[in-house]
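Novice: One structure is given below, represented as structure tokens, and several questions about it will come after.
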Amino acid sequence: QASLTQHRWLSREDSPNDPDLLIVDLDPSEGADFEDVRWAAGRVCALWDELRLPARLMTTGSRGLHVIAPLDGKSDYDAVRDFAHRAAELLADRHPDRLTTEQRKADRPTKGGRGRIYLDVQRNAYAQTAVAPYSVRAKPGAPVAMPITREELDDPELHAQRWTLRTAPERLAAADPWSGDGWRGRSVSAAAKRLPEE
């Protein structure tokens, strides 16, 4: 399709209405830095641990990070998006000075002089797409969306455009950060029942 950056659906061709991925896109507001994004990713991962959802992380090659959870493909987009909204609201309620679910930038005022991280769950809807792992972004320096480990959230050098078309081959020669067990798709309905009411 004459595109440089590849985007993917969150469902498969044989079951287009039932996603098998859930994505939380962490988008820094004005006044936030990437340390805030790394911190926010840690909070999402911690909630996924509470709800018994595995999490994979990826730099977007643009501004933020994606936290990706595998699903069993047995719930439709409406159920997945509803769960994602409730989970994001819970996180924003727990950390109101650092996280927000406000879509409009004008409605995301900074708290204490520091920008908040937007928990974007809008991609979890039918026909929405998200940047694919290892895709090159159409930006100066050709940054690449790169899978990372949870441990890399502690790296102060981590940022959304850390890897580029030039540096990606060295990264790809190392161990796959998404290898190993634990990537079996999980039930959104089961996770939703574990979601605390706060």
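The values are calculated or read from the model by the stated rules, or taken from the named source; none is laboratory data. Predicted, not measured: the structure shown is a model, and the values here were computed from it. Here the Cβ is made from the backbone with ideal geometry for all residues, glycine too, and neighbour counts use every protein chain on show. Each accessible area value is taken on the protein alone, full model and side chains, heavy atoms only, with ligands, DNA and RNA left out. Shrake-Rupley method; radii C 1.70, N 1.55, O 1.52, S 1.80 Å.
Novice: For Tyr134, enumerate residues with amide H under 5 Å from its amide H, sequence gap 5+ or separate chain, H modeled in the peptide plane.
Specialist: Residues meeting the criterion, in which the H sits 1.01 Å from N, are Ala145, Met146.
Novice: Using alpha carbons only, how many angstrom separate the centre of the range 32-99 from the centre of the range 134-183?
Specialist: 18
Novice: Okay, moving on. Label the range 1-117 by shape, choosing from rounded, prolate and oblate, from the square roots a ≥ b ≥ c of the eigenvalues of the Cα gyration tensor; if a/c is under 1.5 it is rounded, and otherwise prolate applies when a/b is larger than b/c, oblate when it is not.
Specialist: On the way: a/c = 1.96, a/b = 1.45, b/c = 1.36.
The shape class here is prolate.
Novice: Where Lys and Arg each count +1 and Asp and Glu each count -1, what net charge lies around Leu165 among other residues with Cβ under 14 Å from its Cβ?
Specialist: Residues close to Leu165 contribute a combined charge of +4.
Novice: Turning to a different aspect of this structure: Pop out the ³J(HN,Hα) list for the range 159-175 in order, Karplus 6.51 cos²θ - 1.76 cosθ + 1.60 with θ = phi - 60°, rounded to Hz; leave Gly and Pro as x.
Specialist: 8, 5, 10, 4, 9, 10, 4, 6, 9, 4, x, 5, 4, 5, 6, 8, 4
Novice: Provide the net charge surrounding Leu4, with neighbours chosen by a C-beta distance below 12 Å and charges set as Lys +1, Arg +1, Asp -1, Glu -1.
Specialist: On the way: positive: Arg137, Lys139; negative: none.
Once all neighbours under 12 Å are counted, the net charge is +2.
Novice: Counting only protein chains, not ligands or nucleic acids, how are His66, His159 ordered by accessible area (probe 1.4 Å), most first?
Specialist: His159, His66
Novice: Still on this structure, please answer the following. Assuming 0.36 nm per residue, please report the length gained on full extension of the stretch Asp76 to Tyr126 beyond their Cα-Cα distance.
Specialist: Details: separation 50, 0.36 × 50 = 18.00 nm, distance 0.88 nm.
Net length gain for the segment: 17.1 nm.
Novice: If you don't mind, another one. Which residue, Arg116, Arg94, Arg137, tops the fluctuation ranking in a GNM of the chain built on C-alpha contacts under 10 Å?
Specialist: Of Arg116, Arg94, Arg137, the Gaussian network model singles out Arg94 as fluctuating most.
Novice: In a shell of Cβ-Cβ distance under 12 Å around Ala55, excluding Ala55 itself, what net charge do Lys and Arg (+1) and Asp and Glu (-1) give?
Specialist: +3
Novice: A further question on this structure: Using only DSSP helix segments of four residues or longer, with each worth -39500 (n - 2.57), what per-residue ellipticity at 222 nm results for the chain after dividing by its residue count and rounding to 500?
Specialist: That comes out to -7500 deg cm²/dmol.
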